Amino acid sequence: MNEALIKYLLSLGDTSLILGQRLGEWCGHGPVLEQDIAMTNISLDYIGRARLFYQYVCELQNDGQNEDQIAFMREEEDYLNLLLAEYPNKDFAYTIARQFFLDSYFVPLFEKLSSSSDERLSQIAAKSLKESHYHFRWSSEWMVRLGDGTEESNRRIQEAVQHLWEYTGEMFQYASYENDLTQQSLIPAAEILKEAWAFHIQRVFSESRINRPSDGWWQTGGKSGRHTEHLGYILSDMQYMQRVHPGLDW
Amino acid sequence: MKNWPLFEIFIRSRNGLDHKHVGSLHASDAQMAIENARDVYSRRLEGVSIWVVESKYITASDPGDKDAMFEPAVDKIYRHPTFYKLPKEVDHM
Amino acid sequence: MKDQEQLLKEFQEKIDREEKIEPKDWMPEEYRKTLIRQISQHAHSEVVGMLPEGNWITRAPNLRRKAILLAKIQDEAGHGLYLYSAAETLGIDRDTLIDELLSGKAKYSSIFNYPALTWADMGAIGWLVDGAAIVNQVALCRTSYGPYARAMVRICKEESFHQRQGYEILLALCRGNAAQKKMAQDSLNRWWWPSLMMFGPSDKNSAHTAHSMNWKIKRFTNDELRQKFVDMTVPQANVLGIKIPDDKLQWNEQRGHYDFGEINWEEFNHVVKGNGPCNRQRLDDRRKAHEEGQWVRDAAMAYAEKRSNKIA
């Protein structure tokens, strides 16, 4: 069994689920009805994507586990999502900046993965790529609107970018399982992704009066199970039902 | 600050059909209106193409003019193919 | 120039011929006002109605249910939006309508002032609350005002899955263990009477029914619709194997309908007046979303104006 592939799929699945969960928190509270619907749509895409990754994990593990046991019965340290995904919504600017950083990563990632020699992975990537193209358009347009909107929106988006920047390095610092998979030529090298990511970031920043923060220390650990304090709360909410009533059908 | 303007949304449900008015929504500009329309009016694969136009740019006929506008067409039944009686052998014309 | 009386007569004839009234057609001021009140109340209900269910998105018990719940609540946002659009054709803009909601001037369905306490409530809301709403809405698909009727047709088409998913949630619980079954029964106990209240005051006390019926804004009275809902729902509860909390509920052979107990109108009036368990919480949530969204809406508008100036 390909242990590295399983961890990688979990990592992608977890990032998708946690981000989907975060976006779902907006439902009913968006700044305007039309954008409430947009965020729910993106949330749904991410939850759907998490399910695809988990289902593939279940097939590979072939030990009778299902997607829900993976989502709801693992401990915090078993979660391998990017720290950025668990960062709180805070306000619309933080939500947009978080989304934009991740979309700018997912678009080149899924472009590459859609031609991975692992057929299942390439199928999931091809489906996710279409969604991510749309997400990227949505979040990058909002980056520009907020950056080049009012003084207040510029200040807010600039602050969000500044605060979240230290979480972006984690995408390109490969965990050991990612290095294994790069060696097996199943996933693209981190440098290729970083280059594509930086290109998107630069283009959007320059259109939007947002300054690129300088690179410094990166917050990492999510991909190996060491998280921020936020994840525990997300899981207590998310896993509540399955923990109180384990093993039932809903 | 001004509110987001209202846009009228037209969707072509599949190629070969006309765009059809489906409703309206608010957006800050036309590009956003298209994206909002995608999420609001085609969550269930209702469309392959979207038109948006700011509502204020639509000029409508006055319903009070209805008689003058549309009545004159009523008696011009010779514009319809069924007006012409042809022998049965060629009536599929 | 036609006089008022003549216009009114033609208007009523048109309605009697089942012709739809369209936005630019002449209409009595009272018809316009009634519609604005009813459509906006309906729109607000959709939007406020997102809150009790939204409360469970992060806690849905499995991934499939989480996705369904999200899609369902998203539909409600969409339905609110279709209805606001319909109201806007009557010459009032959405911002004014939202201000009326947030100031407490406009009403929304009182059912959403009850708390969603357990997962079973997601089932009960879908089955009973959406079920009651559908009874109402199907009737409204033939309402006399064109844009309202069209919005209702669209909404009914989309809502058909809402009630089914709710019932399916309860079905899973009722086929589950004792704790799940208890959860289902408890939610039926709490949601049954408020669902019956959704149809509004009894016909003998309803301020608006007569006018609305004449103008075919409403096609059935509150009591007719309520009866229809009860008749429809009782057999569904039997399939689930849970008990409707009404000792007076029984089949009346003669009437061909179920008889049921009296609604607690005192409670109804209190909740309408703002004293339900969640009235303040719901409005606070909506107010917060609206106020915190102001800078976002402003930013988008400012950006759009800058850009169109650049092009011009």
>> Name the single residue that is surrounded by the fewest Cβ atoms within 10 Å (Cβ to Cβ) among those in the range A:227-247 being part of a loop (DSSP other than H, G, I, E, B) and modelled with pLDDT of 95 or more.
In response: A:E229
>> Just checking, does the range C:22-43 include any residue being open to solvent by less than 20 Å² (accessible area, probe 1.4 Å), within 14 Å of chain A (Cβ to nearest Cβ) and closer than 16 Å to C:L140 by Cβ?
In response: yes
>> Please go through the range B:46-93 and give me each residue that is under 23 Å from C:E88 (Cα atoms), open to solvent by less than 70 Å² (accessible area, probe 1.4 Å) and at pLDDT 85 or above, ordered by number.
In response: B:I50, B:V52, B:V53, B:E54, B:S55, B:A60, B:S61
> Restricting attention to the range C:100-118, does a residue exist that is acidic (D, E), more than 14 Å from chain A (Cβ to nearest Cβ), more than 30 Å from A:R243 (Cα to Cα) and open to solvent by 10 Å² or more (accessible area, probe 1.4 Å)?
Replying inline: yes
> Among A:S185, A:S224, A:S176, A:S208, which is open to solvent by less than 10 Å² (accessible area, probe 1.4 Å) and of a type outside the set (D, E)?
Replying inline: A:S208
> Pick from A:A189, A:A160, A:A196: which is aliphatic (A, V, I, L, M) and in contact with a Pro (Cβ under 6 Å, 6 or more places away or on another chain)?
Replying inline: A:A196
> List pairs: first in the range C:189-214 and within 26 Å of C:Y145 (Cα to Cα), second part of a helix (DSSP H, G or I) and of a type in the set (G, A, S), Cβ under 7 Å, 6+ apart or cross-chain?
Replying inline: C:M197/C:S110; C:M198/C:A132; C:F199/C:A132
> Taking the range C:151-190, which residues are of a type in the set (V, I, T), away from chain A (no Cβ under 13 Å) and either open to solvent by 50 Å² or more (accessible area, probe 1.4 Å) or closer than 20 Å to C:P115 by Cβ (or both)?
Replying inline: C:V153
>> For the range C:208-223, which positions are at pLDDT 90 or above and assigned to a helix (DSSP H, G or I)?
In response: C:N222, C:D223
> Here are some conditions: (1) under 23 Å from C:A77 (Cβ atoms); (2) outside any loop (DSSP other than H, G, I, E, B); (3) away from chain C (no Cβ under 11 Å). B:F7 meets all but one. Which one does it not meet?
Replying inline: (3)
> What residue, of C:K288, C:K243, is at pLDDT 95 or above and within 14 Å of chain A (Cβ to nearest Cβ)?
Replying inline: C:K288
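Yes or no, residue by residue, for (1) in contact (Cβ under 8 Å) with a residue 40 or more places away in the chain; (2) open to solvent by less than 10 Å² (accessible area, probe 1.4 Å); (3) more than 7 Å from chain C (Cβ to nearest Cβ); (4) in contact with a Ser or Thr (Cβ under 6 Å, 6 or more places away or on another chain):
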site: A:N2; (1), (2), (3), (4): yes, no, yes, no
site: A:K7; (1), (2), (3), (4): yes, no, yes, no
site: A:G20; (1), (2), (3), (4): no, yes, yes, yes
site: A:A38; (1), (2), (3), (4): yes, yes, yes, no
site: A:L44; (1), (2), (3), (4): no, no, no, no
site: A:L52; (1), (2), (3), (4): yes, no, yes, no
site: A:C58; (1), (2), (3), (4): no, no, yes, no
site: A:N62; (1), (2), (3), (4): no, no, yes, no
site: A:Q65; (1), (2), (3), (4): no, no, yes, no
> Here are A:S114, A:S132: which of them is away from chain C (no Cβ under 14 Å), touching a residue at least 12 places away in the same chain (Cβ under 8 Å) and crowded, with 24+ Cβ neighbours inside 10 Å?
Replying inline: A:S132
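The values are calculated or read from the model by the stated rules, or taken from the named source; none is laboratory data. A quick note: this is a predicted structure, and the numbers were derived from the prediction, not measured. Please note: Cβ atoms are built from the backbone with ideal geometry, for glycine as well, and neighbour counts cover all protein chains shown. These area figures cover heavy atoms from the full protein model, side chains too; ligands, DNA and RNA do not enter into them. Shrake-Rupley method; radii C 1.70, N 1.55, O 1.52, S 1.80 Å.
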